[in-house]
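Shown next, in structure tokens, is the structure this report addresses.
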Amino acid sequence: MKKKSHVIRFVLGDQPVTLDFAREGILPSTTVLNYLRLVKGRTGTKEGCAEGDCGACTVVLGQYSNGSIDYRAVNSCLLFLPALHGKQLITVEDIADTDNHRVNLHPLQQSLVDHYGSQCGFCTPGILMSLFALYRQPGIPTRYEIQEALAGNLCRCTGYQPIQEAAEAAFSNKQTDRFDRFQGKIITFLKEFNETPEDLMIENNGQRYLRPAGLKQALEWRREFPAAVVVNGSTDIALRQSKKHEMIPEILDMGAICELKHFEHAEGYLRIGSGLLLEEVRRETEKIFPALHSMLGLFASRQIRQVATLGGNLGTASPIGDMLPFLITCEAALTLSGAGGERTLDAEEFITGYRNTALGQDELIRSVTLPLPKPDDHFRFYKVSKRKDVDIATVSGAFRLRLDKGTVTWVILTFGGMAEMPRRAFDTEKFLKGKPWTREHILHAMTIIRHEFHPISDARSGAEFRKLAAANLLMKFHHETVTGHVET
Amino acid sequence: MLKHESAILHVTGEAVFVGDMAVHMPVQYGHIVYSPWPHARIRKVDISAAQGMQGVSAVLTWKDIPGTNQLGPVIHDEPCLAQEEVMFIGQAVCLVAARDKDTARKAAASIRIDYEPLDFIPDVEISIEKDFPIQMPRMILKGDPDRVLKQSDHMLEGSLSTGGQEHWYLETQSALAVPGEGTGMKIYSSTQHPSETQGIVAEVLGLSRNELVVEVRRMGGAFGGKETQANHTAAWAALLAWAVRQPVILQLTREEDQTITGKRQRFLTRYSVGFNVSGELQALDVELNSDAGAATDLSMAILERAMFHVDNAYYIPHVRVRGTAWMTNKPPNTAFRGFGAPQGMAVIENIIDRIARYLGKDPIEIRKINFYNKPPRHLTHYDQAFELNRLETIFNRLTRTASYRMRRRDINRFNRDHEFCKRGMALTPVKFGISFTTSFLNQAGALVNIYRDGTVFISHGGTEMGQGLHTKIIRIASVELGIDPEHIRIGPTSTAFVPNTSATAASSGTDLNGMAVKNAIDKLKQRLSVYAATLFSASHQKPSEAKHIVFRNGQVSDSKDTRRSIPFHQLIPLACREQISLSATGFYRTPDIHFDKIKGKGKPFHYFALGMAVSEVEVDILTGAVRLLRTDILHDAGKSINVSLDLGQIRGGFIQGLGWVIMEELKYDRQGRLLNCSPDTYKIPTIGDMPGEFRVELLKDAPNPNTIRQSKAVGEPPFMLALSVWLAVKDAVSATGNHRFEPELNIPATHEAVLLAIEDIKQKNRR
């Protein structure tokens, strides 16, 4: 049996840190943000909302990967400390070269100063860290890529333009920075930390935090601690702590399990491990499944996607969740691992009600198998939201259509935000099957959609709007399939 | 150009905010317990469980307030802690201090308050119906609107609703109260108005003002939200610190902040407008109704500013504006960038567009013929003459640089070719009056110290919330003293350095404090000039005269004979040895402004800030999604003290306005609860919401007489340039009905509102 450790090791800036929760009297699920501010006195990282929407708390995680370090911007307010295990944590305080009160700014910092990229300065550390992660990636990002990297950072002062200009200027004249200098040293640390995967079991302050390094141990712990909240990315569960101030007594964190992080592309389908980061799913599908790739582009923010996983997202069983409607329309299947072995379930069967799933007491989501659309299939995903970026859909629609000489032979229409869980528009599908794909039929189908759903009114919109938008999405789908033209 | 004075501290994470100071201090954590009811009687409060909890150092109710139980800044109508009745969700009832946040929260959760829910007023509509004005209504009357309305060629009537807005400063309300010797206390507060915070805390604690020091280094954004309502957090922190005799930090969580603090007032407006066949305005009758919330706060001054701005940039011969602020059971609404002017301007800009649609003309033609002009078309409805009118210059230049007419043709073509996608464009002007409309507030003070090594320390009455005020002050001082900016430091804003200041608000920060700093420097220069003249005279036959001494390039010289010169940093120690005072206070008050609130006449403004914007949008007709394709702005900032900072205010203000007009929405449930009290449902613009093309320019060669270095205030005016986006969206929606119907589109024009407006036009089309 492998050693079970209750200590985590990581690099803070360029210094290795060993954190013994019991000795330091720290709750295992302490967020990285609170640890930085209250334990380490690193107050540069700010709390703006404590729910991953503003990005003021953005820090960068360095992860060892094939002989180098992959740098990712993440929200420290939604990250539990054990997730740092084996990684490098970089905060705003680490970016400049400071030598006895003389500060040599990083090129990004200098550019922000030169372009008046900060006004009140409260969002600035987070903005800088998002840009820093991008800076550490090869190549020069486009204007769009810069905006994408900053979509999860709110600024209420500047109107963003000076930040954009500062970033463009810094990237167009990219230089080496101090992280190039000590990268070798960090890699040595991280390699050592990651050499022998450790199962973490941390018990302190009335909380048990389990972070298995393998699926087998995970399943054992799942059986042994059935009440443990399963976490795979923590961007949703952490809100129970950061916003609702709940104390979660037992947590089973799946984040360290390498077996769950695979991505397989075979003839006609994809198989994606439940532990794969959504950002990685996005990256992998750019060429092979552009619809999924672009859907994930509007899925939360990069900071969230670099922590959140596919399995974690499905496990939350959100009634809206962009991913589930998409998977249902793809006719994807989930593979669940349990004590008695594996079983496979359609995405549609997996979700059973408002935030409820068919996941058994002893089971964990292992992977998702996703048949790729056929070349002739029309496939579209639409998201209607108040704000384009980092907003939860008011209504989403994932549509897939097969035509034979202009007649519908096969169609799936799944909607998010229209019921207590993502749901297919069965009546509408039934009506359309065998009918010519004409505007006349679409207009009729739109009235069916309006009748077969009974959405609610909430903070995002009224019920009437949801019905109207859902029906209109069908018209949009029709228009785009017929004209071959995609508008906005 | 001088960089932002804190920029390096910002990018390195070194810049200290109130919440950061507490981390390095042995503090107790404050927490508030607030009402979950919009209106209820408090039957009983049981704090015993909380009091007995380990780690809890204080549990307070109104009974523990040593001074006056009041927070109202103008009218004393808001208790610090609720006594017998709660008037809104979020009203503080109890305070807790404990060793950490979790303990404080647990203690707070154990407090049992027995409420008896009462009927409540959820919104302005109901308040009007039940007749609950919060103060006496106001009116401004010019000419005979009733008669002229009847005689006009055309008359239109209508109503408009403009929504509230949450400030969403990135740094939530926070205060750190540190008890000192005896009864003294120092409060580090994220406040725009240290003097008022000092006054309110003094009243609540029953102390005199000289026992308290309120200090502000910087705020993480404020936008008006920390003009009066920072007082609350400071008062609560002070009460707790007073009770536990230890430093107490109180910083609201985002959800608390969004729930309990006031916002921009929602306005409900009714209007009648008369105009002639060519679209010239003849008479306007407007009734403004604002949602004050449960206490007056600044709502009356805000209402007044709205009334002053219903003309915006247009001359209207006959006007009646009536304004009423209504009581509702919501957190008292408060100042927010624009201070009522956006709500007032939205009315007239909407009217102009409506007239254009009605007459089948391009709205810019209607705007152009109605702009304020030469006498007699230069008098506002409150009788202030609009001097230095640059509207025509800005209009001509902007329509040209933005290729307005060409793009209008392109848009028409685009709209003919696209069924499910429509484009729209609008040009809107801003004429914004600069000065506090409560005239006595237009004053400021400063303290300038020159130390023996020739370095300079300044503290002035203004606070830094990101706008770059301190940077501008450094620039002003550097030019006036003729020394390098790096020898000048701005200290924190403190009631100990400069007393009895006004809020840093009304866009007046640089205008007022810059002048006060200059006044102090003038005094110092006067003293130094006399001394330098004596010094120069000693070694020359012909004496130097003090009036010819100049301060330039680090030198103090005789302008009549520039060989007579001494470096500033060498003159200073000599002056010190000669027992010359090297510290001076400065003061400024805006001259010649006055306003008679009863008559509704006067000259409330020192001058007007001007600007115009052209925005073009694309609307997805099937989803209501709006994409802002391009915005061109030409803004008059006078002779800019710092172009980049001014551009920063314009871009930032515009994007904030963009949020208000198309995105940010406050929804309440039937129990009066705010549904969007967190950023997952309350959406402010992200970087992706910036216009695809965003061209912002300052008007060149536009000095402003009688202000500091001929500059113009720039903080608030650009916010209202975003009305161009709203009207562009309306234009696009209107295109779905070939501009035959007036779109029913209020502010905010969210995707939901847009889609419903399109649907409405569809229905009208069918009929």
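The values are calculated or read from the model by the stated rules, or taken from the named source; none is laboratory data. In this text the structure is predicted, and so the values were computed from the model without any measurement. Please note: Cβ atoms are built from the backbone with ideal geometry, for glycine as well, and neighbour counts cover all protein chains shown. To get the accessible areas, we keep the full protein, side chains included, count just its heavy atoms, and leave off ligands, DNA and RNA. Shrake-Rupley method; radii C 1.70, N 1.55, O 1.52, S 1.80 Å.
For the range B:367-453, what does the convex hull of the Cα positions come to per residue, in cubic angstrom?
In the range B:367-453, the Cα convex hull volume per residue is 262 Å³.
How big is the shadow of the Cα convex hull of chain B, averaged over all directions, in nm²? Mind showing how you got there, number by number?
Working: hull surface 140.4 nm².
Hull-based average projected area comes out at 35.1 nm².
For B:Y314, list long-range residues whose amide hydrogen, built 1.01 Å from N in the peptide plane, is under 5 Å from its own amide hydrogen.
Hits under the 5 Å cutoff: B:Y372.
Which GluC sites (Glu not before Pro) in the range A:319-403 sit in a loop by DSSP (not H, G, I, E or B) and have at most 16 other Cβ atoms within 10 Å of their own Cβ?
Hits after loop and neighbour filter: A:E331.
Charges at C-beta only: +1 for Lys and Arg, -1 for Asp and Glu. How large is the resulting dipole of the range B:522-589 about its Cα centre, in Debye rounded to 20?
140
Convert each backbone phi in the range B:37-48 into a coupling constant with the Karplus relation 6.51 cos²θ - 1.76 cosθ + 1.60 (shift: θ = phi - 60°), then list the ³J(HN,Hα) values in order as whole Hz, x for Gly and Pro.
These are the phi-based 3J(HN,Hα) values: 10, x, 7, 7, 8, 8, 7, 7, 10, 10, 9, 4 Hz.
Kirkwood hydrodynamic radius of the range A:203-316 from all distinct Cα pairs, in Å? Mind showing how you got there, number by number?
Details: mean 1/r = 0.0663 Å⁻¹.
Result for the range A:203-316, one decimal place: 15.1 Å.
Under a 1.4 Å probe, what is the accessible area of chain B per residue, stated in Å²?
35
Tell me whether the protein assembly as shown comes out rounded, prolate or oblate; compute the Cα gyration tensor, take square roots of the eigenvalues as a ≥ b ≥ c, and use a/c under 1.5 as the rounded threshold. Don't jump to the answer; show the numbers that get you there.
Values: a/c = 1.59, a/b = 1.21, b/c = 1.32.
Oblate shape, in that a/c is at least 1.5 and b/c is the bigger or equal ratio.
How are the C-alpha pair distances of the range B:511-582 spread across 5 Å bins, as whole percents from the shortest bin up?
Using 5 Å bins, I get a P(r) of 3, 17, 27, 25, 15, 8, 3, 1, 0 for the range B:511-582.
Please give the solvent-accessible surface of A:K40 in Å², to the nearest 10, using a probe radius of 1.4 Å with every protein chain present.
About 90 Å², ignoring ligands and nucleic acids.
Considering the Cα positions of the range A:337-488, please state its Rg to one decimal place and its Dmax as a whole number of Å.
Cα radius of gyration and Dmax of the range A:337-488 are 17.0, 53 Å respectively.
Please list, in order along the range A:340-355, the HN-Hα scalar couplings obtained from phi with the Karplus expression 6.51 cos²θ - 1.76 cosθ + 1.60 (θ = phi - 60°), rounded to whole Hz, x for Gly and Pro.
x, x, 10, 9, 10, 9, 5, 3, 5, 6, 4, 8, 10, x, 4, 6
Translational diffusion coefficient, Stokes-Einstein: compute it for the range B:410-460 using the Kirkwood radius over C-alpha pairs as Rh, at 37 °C and 0.692 mPa s, and state it as an integer in µm² s⁻¹.
Numbers: Rh = 17.3 Å.
Result for D is 190 µm²/s.
Run down the lysines and flag those whose C-alpha is under 29 Å from the C-alpha of A:K433, throwing out any fewer than 8 positions away in its chain.
Correct list for A:K433: A:K374, A:K383, A:K405, A:K467, A:K476, B:K762.
In percent, how large is the relative contact order of chain B, given Cα pairs closer than 8 Å and 6 or more residues apart?
14
Report the A-B buried area as the accessible area lost on both sides summed, probe 1.4 Å, in Å² to the nearest 100.
Protein heavy atoms only, the A-B interface buries about 6700 Å².
Calculate how large, on average over all directions, the projected area of the Cα convex hull of the range B:70-111 is; give the answer in nm² to one decimal.
3.8
What percent of all Cα-Cα pairs in the range A:423-463 falls into each 10 Å bin, going from 0 up to the bin containing the maximum distance?
Per 10 Å bin, starting at 0, the Cα pair percentages come out as 27, 44, 22, 7.
Rounded to the nearest 0.05, what FRET efficiency do B:A49 and A:R178 give with R0 = 51 Å and r taken as the Cβ-Cβ distance? Could you check?
Working: r = 53 Å, r/R0 = 1.04.
Plugging the Cβ-Cβ distance into 1/(1 + (r/R0)^6) gives 0.45.
What is the average number of partner chain Cβ atoms found within 10 Å of a Cβ in A:458-464? Mind showing how you got there, number by number?
On the way: counts 5, 13, 9, 9, 3, 0, 4.
Going residue by residue through A:458-464 and averaging, the value is 6.
Rank A:C157, B:C576 by accessible area, highest first, at a 1.4 Å probe radius?
The most accessible residue leads, giving B:C576, A:C157.
Where a Cα-Cα gap under 19 Å defines reach, which aspartates and glutamates qualify for B:K712, not counting those fewer than 8 residues away within the same chain?
Excluding near neighbours in sequence, the set is B:E387, B:E392, B:E464, B:E480, B:D511, B:D592, B:D636, B:D646, B:E697, B:D701.
For q values of 0.13, 0.18, 0.25, 0.26 Å⁻¹, compute log₁₀ I(q)/I(0) with the Debye formula on a Cα-only model of the range B:663-736, without solvent.
-0.72, -1.00, -1.22, -1.24
Could you list which residues have their amide H under 5 Å from that of A:G255, counting only those 5 or more apart in sequence or on another chain, with H placed in the peptide plane?
Under 5 Å from the amide H of A:G255 lie the amide H atoms of A:G233, each far enough along the sequence or on another chain.
Which of the three applies to the range B:427-502, rounded, prolate or oblate, going by the alpha-carbon gyration tensor with a ≥ b ≥ c and a/c under 1.5 meaning rounded? Could the numbers behind the result be given before it?
Numbers: a/c = 2.61, a/b = 1.57, b/c = 1.67.
Oblate is the answer for the range B:427-502, as a/c is 1.5 or above yet b/c matches or exceeds a/b.
Can you list which of the chymotrypsin sites (Phe, Trp or Tyr not before Pro) found in the range A:117-197 are DSSP loop residues with at most 16 other C-beta atoms within 10 Å?
A:F182
With a ≥ b ≥ c taken as the square roots of the eigenvalues of the C-alpha gyration tensor of the range A:37-150, please select rounded if a/c is under 1.5 and otherwise prolate if a/b is larger than b/c or oblate if it is not?
rounded
Within 10 Å of each Cβ in A:469-476, how many Cβ atoms from other chains are there, averaged over the peptide?
4
Would you mind getting the Kirkwood hydrodynamic radius of the range B:269-360 from its Cα pairs, rounded to one decimal in Å?
On the way: mean 1/r = 0.0724 Å⁻¹.
Taking the inverse mean of 1/r over all distinct Cα pairs, the range B:269-360 comes out at 13.8 Å.
Just order B:147-154, B:92-99 by mean Cβ neighbour count inside 10 Å, highest at the front, would you?
Details: B:147-154: 14.9, B:92-99: 24.2.
Highest to lowest by the protection proxy: B:92-99, B:147-154.
If eta is 0.692 mPa s and T is 37 °C, what Stokes-Einstein diffusion coefficient results for the range B:588-688, Kirkwood Rh from Cα pairs, in µm²/s?
Roughly 185 µm²/s, to the nearest whole number.
Tell me which residues come under 5 Å, amide H to amide H, from B:F694 once H is placed; ignore anything under 5 positions away on its chain.
B:T631
Dipole size in debye (nearest 20) for the protein assembly as shown around its Cα centre, Lys and Arg Cβ +1, Asp and Glu Cβ -1?
Values: 146 positive and 142 negative charges, 443 e Å.
Roughly 2120 debye for the protein assembly as shown.
Taking the Cα centroid of the range A:283-305 and of the range B:5-44, what is the distance between the two, rounded to the nearest whole Å?
37
Can you run phi through the Karplus equation (6.51, -1.76, 1.60; θ = phi - 60°) for the range B:499-507 and list ³J(HN,Hα) in whole Hz, with x for Gly and Pro?
x, 6, 7, 9, 5, 7, 7, 6, 6
Taking beta carbons within 10 Å but only from partner chains, what does the mean come to for residues B:625-631? Present the calculation step by step, with values, prior to reporting the outcome.
Numbers: counts 9, 2, 2, 0, 0, 0, 0.
Neighbouring Cβ atoms belonging to other protein chains average 2 per residue here.
Which lysines, if any, have their Cα less than 19 Å from the Cα of B:K361, not counting same-chain residues under 8 positions apart?
B:K422, B:K730
Between the range B:310-387 and the range B:693-760, what's the alpha-carbon centroid distance in Å?
Computed from Cα coordinates, the inter-centre distance equals 13 Å.
Just to be sure I follow: if Rg is taken over the C-alpha atoms of chain A and Rh is the Kirkwood radius over the same atoms, what is Rg/Rh?
Numbers: Rg = 23.4 Å, Rh = 23.8 Å.
My calculation of the ratio gives 0.98.
For A:I257, A:I288, give the ranking by accessible area with the largest first, probe 1.4 Å.
Of A:I257, A:I288, the descending order of accessible area is A:I288, A:I257.
Can you show me the helix-derived [θ] at 222 nm for the protein assembly as shown, built from DSSP H runs with n ≥ 4 at -39,500 (n - 2.57) apiece and divided by the number of residues, rounded to the nearest 500.
Numbers: 38 runs with 399 residues, N = 1255.
The per-residue figure over the protein assembly as shown is -9500 deg cm²/dmol.
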